[in-house]
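For reference, the structure is listed below as structure tokens.
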Amino acid sequence: MAFESPPSFITTANQPSNTNTADTKARTMSKPSVFYRLGDLFISSKNARTKVIPADIKKLAVQIDAQGVMNPLQVTPETDGGGKPTGRAGINAGGQRYRALILRVAEGKGSLDDLIECKEGEDDEAVEVSMIENLGRVAMHPADEFAGYQKMKDEGRSIDAIAGKFGVPKKHVLQRLRLASVAPVLMDLFRDGSMDIDQVTALASVDDQERQLTTWNALAPHSRSASNIKRKLSEFSVEVNDPRVKVVGLQNYLKLGGATDVDLFSTSSADAKTLSDVGLVEWMLEEALQKQVAEVLAEGWQWVESFSEYGHIEECRFVQLPKMYAKETKEQAAQRKALEAARTELQDKLEAMEEDEDSIWEQQRKVENELEALESKIEALMETRVDMDAFDKTTSGAVVTFQGEAGIVVLRGLVVRSAAPTTSGGGSVGGGFVQPKAPKPEFPERLMLNLTSHLTAAMQASMLGNQAVSLAAMANTLALSMFDYTSVDSPLKISLRECDGDLKRNSDTMEASRAALQIVAVTEEWEAKLPEDRATWFSWFLTQPQAVVLEFLVYAAAVSTNAMHSVATVDAGADALAKALGLDMAQWWEATPATYFDLVPKSKLAAIVRETSSEEAAQALEKMKKDDAVVHAVTHTAGKAWLPTPLRRAAAQPVVADADQDEEQTDE
């Protein structure tokens, strides 16, 4: 039976203002609302929606609990064989809402006597009305959905309240809010169809809009896949299960003010948390290495060096002296056999996976990593049997290094290759090599490469405007190549290598730097000048004025300049070139959160503020959280032209060509 007025607990929809429209749905919606008992309603055979998803019905029922029925059902009154109304009505549009209401009754939250708002339509339009409602529902753009959640939060609603309103898990709301925090310019790309939801989700894995923009702009258009975005973002953070975190300790990191972030879109809860202060992690790792260095030095070795990375180049510097092994104990034998058995099992598993064409590469890589870790454990166990007293510690030393899953590893009984002792016929080891103790590095390798990448770019840009120094540097390089008998596949045995890729890889802020922008501009000019056919370049250079050829040689010398290095030692060649150029890095580089302050721990920030401002300001910084400390450091260094030591150079006048001499040479 239909009623004309609603009970107080039913939410009614706004009435359309235009009641004269010819649209079928509008005609139906323009009619006065009527109210049927829930028990007098049923799904019409003319209802177009037949697929029912129980989870959707459950979700809708929760929403009705919170908000009521927001829109009226569209129905056709039922009649008997003689055309007389029965008091019941068939639902043409709104079957999902009806099913949700019935579910509420089953859960004891409603009654079949509840009155439901409906709009009555003609029977001959029932199918049309149903199709219009179901097909005419244009899905809201996901960006609008994200923004809607954010607006509700801005209105003061709690996460739990929003989740309850829509019948969704709390994490669902948190994910939408994180997606809403993507930089507006990137969200506009998403709205315009220039970015897909996977890319947006990858960018939203961090909540720093500057990092999102930097990552997006750093990737070439064809490389902006979700996986590449995630990989690039990982350069700004450290996963909680990263081997470096195992060494420094998560709690120690937090005590020093380190910040963490949560990847709400991670499929693994173990991988969800990340450490966002990479500089602090690197610094703590260096501290851990130096602590180990002190302990190893106490063993009596002549020298001990540390490396945060120990690759082939580092290995080639040293020679391992012959080792003497103590007899294996029962405990050591048991450990070795257990590890070897596990290794055999993994090797068999990996072999089977390699033969299986359907095997997933990620799974194979996981097994390979486990196998490498086992090998490291077996080697470490073997090292415990080395008789250290058999080495002559007065002439040999040790290396402390970080080796991934193996953590901090100590390699003892080493000598530098150039001073490696020889073994006599009797097998005794001699030699009088003495290696000075290595000083503690002021900066981690990664930060040194970052800073010296900016130094390199500034030197390159300076060389573009200094023909005398550039040509002298090139002549010096050619002389060294000639007398070192360097040869390449060319009539002229010369080879220059530009290092743009290395600069960008070592510094995330490189592309936006003044020096890099200047080099890019000049590079584009030369690309436009040179003929498309490379085979004609030699002929083209022959026809150019000498000034053009010299200009290109200067450009080539500039872009091949590389002053990048990973340790805080003076590069004599680069230092001499920088002085000849009169290089002042304060004109090319500025300490900002992105270029420096975010990359170092608070202790370094305090030292900077102490140097540029006052002891009082430094002490105030030490009590702050890292983010506040960075802002404090920026404030107290603004306009001071402060530079970290790797970018400082002694003042020198730039070398310029003698104009009279140039004219003389031209006349000749």
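List every residue pair whose Cβ atoms sit under 8 Å apart, with the two residues 6 or more apart in sequence or on different chains, where the first one lies in segment 26-40 and is over 9 Å from residue 117 (Cα atoms) and in the same structural domain as residue 118 (by TED's automatic domain parsing) and the second, anywhere, is assigned to a helix (DSSP H, G or I) and at pLDDT below 75.
28/125; 28/129
Would you be able to say whether some residue in segment 221-229 is among the charged types (D, E, K, R), in the same structural domain as residue 179 (by TED's automatic domain parsing) and touching an Asp or Glu at 6+ places or on another chain (Cβ under 9 Å)?
Within segment 221-229 (the criterion being among the charged types (D, E, K, R), in the same structural domain as residue 179 (by TED's automatic domain parsing) and touching an Asp or Glu at 6+ places or on another chain (Cβ under 9 Å)), the answer is no, since none of the residues qualifies.
Quick one: residue 207 ticks every box in (1) in a helix (DSSP H, G or I); (2) touching a residue at least 24 places away in the same chain (Cβ under 8 Å); (3) under 28 Å from residue 592 (Cβ atoms); (4) charged (D, E, K, R) bar one, so which box is it?
(1)
Of all residues in segment 384-400, which are under 11 Å from residue 324 (Cα atoms) and crowded, with 20+ Cβ neighbours inside 10 Å?
Hit for segment 384-400 is 391, nothing else.
Could you please find all residues in segment 283-311 being farther than 12 Å from residue 411 by Cβ, over 34 Å from the mean Cα position of the chain (by Cα) and in contact (Cβ under 8 Å) with a residue 12 or more places away in the chain?
Once the filter is applied, which keeps residues that are farther than 12 Å from residue 411 by Cβ, over 34 Å from the mean Cα position of the chain (by Cα) and in contact (Cβ under 8 Å) with a residue 12 or more places away in the chain, segment 283-311 yields 297, 299, 300, 302, 303.
Scanning segment 210-225 for residues that are part of a helix (DSSP H, G or I), without any contact (Cβ under 8 Å) to a residue 40 or more places away in the chain and over 11 Å from the mean Cα position of the chain (by Cα), which turns out farthest from residue 592 (Cα to Cα)?
Per the criteria, the residue is 222.
Out of the helices (runs of 4 or more DSSP H) lying entirely within segment 243-310, which hold 1 or more residues that are at pLDDT below 85 and closer than 21 Å to residue 599 by Cβ?
278-297
So which of 458, 468, 515, 472 is assigned to a helix (DSSP H, G or I), at pLDDT 85 or above and among the small types (Gly, Ala, Ser)?
Matching residue, one of 458, 468, 515, 472: 515.
Only one residue in 52, 75, 62 is surrounded by 16 or more Cβ atoms within 10 Å (Cβ to Cβ), β-branched (Val, Ile, Thr) and either at pLDDT below 85 or within 28 Å of residue 164 (Cα to Cα) (or both), so which one is that?
62
Taking the conditions exactly as written (in contact (Cβ under 8 Å) with a residue 40 or more places away in the chain, farther than 23 Å from residue 463 by Cα, surrounded by 14 or more Cβ atoms within 10 Å (Cβ to Cβ) and not aromatic (Phe, Trp, Tyr)), does residue 583 satisfy them or not?
Spelling it out, it is not the case that residue 583 is in contact (Cβ under 8 Å) with a residue 40 or more places away in the chain, farther than 23 Å from residue 463 by Cα, surrounded by 14 or more Cβ atoms within 10 Å (Cβ to Cβ) and not aromatic (Phe, Trp, Tyr).
Filtering segment 153-188 down to residues that are of a type in the set (S, T, N, Q) and in the same structural domain as residue 221 (by TED's automatic domain parsing), which residue is nearest to residue 217 (Cα to Cα)?
Step by step, filter segment 153-188, then rank; the result is 181.
Here is a list of conditions, (1) in the same structural domain as residue 516 (by TED's automatic domain parsing); (2) under 21 Å from residue 446 (Cβ atoms); (3) outside any loop (DSSP other than H, G, I, E, B), and residue 565 meets all of them except one; can you say which number that is?
Here residue 565 clears every test but (3).
Test residue 71 against the criterion of being in contact (Cβ under 8 Å) with a residue 40 or more places away in the chain, assigned to a loop (DSSP other than H, G, I, E, B) and out of contact with any Leu (no Cβ under 7 Å at 6 or more places or on another chain), and give yes or no.
Yes.
Considering only residues that are in contact (Cβ under 8 Å) with a residue 60 or more places away in the chain, over 27 Å from residue 261 (Cβ atoms) and surrounded by fewer than 21 Cβ atoms within 10 Å (Cβ to Cβ), which ones fall in segment 589-637?
Within segment 589-637, no residue meets the criteria.
Hey, residue 352 hits all of (1) over 25 Å from residue 398 (Cα atoms); (2) at pLDDT 85 or above; (3) surrounded by 11 or more Cβ atoms within 10 Å (Cβ to Cβ) but one; which does it fall short on?
(2)
Yes/no per residue for (1) under 24 Å from residue 314 (Cα atoms); (2) in the same structural domain as residue 318 (by TED's automatic domain parsing); (3) modelled with pLDDT of 80 or more; (4) not in a loop (DSSP other than H, G, I, E, B):
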site: 451; (1), (2), (3), (4): yes, no, yes, yes
site: 454; (1), (2), (3), (4): no, no, yes, yes
site: 479; (1), (2), (3), (4): no, no, no, yes
site: 482; (1), (2), (3), (4): no, no, no, yes
site: 505; (1), (2), (3), (4): yes, no, no, yes
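Quick one: is residue 598 closer than 19 Å to residue 448 by Cβ, in the same structural domain as residue 510 (by TED's automatic domain parsing) and among the acidic types (Asp, Glu)?
no
The values are calculated or read from the model by the stated rules, or taken from the named source; none is laboratory data. Just so we're clear, the structure is a prediction, and the values are computed from it rather than from any experiment. Cβ atoms come from the backbone with ideal geometry, glycine included; neighbour counts cover every protein chain shown.
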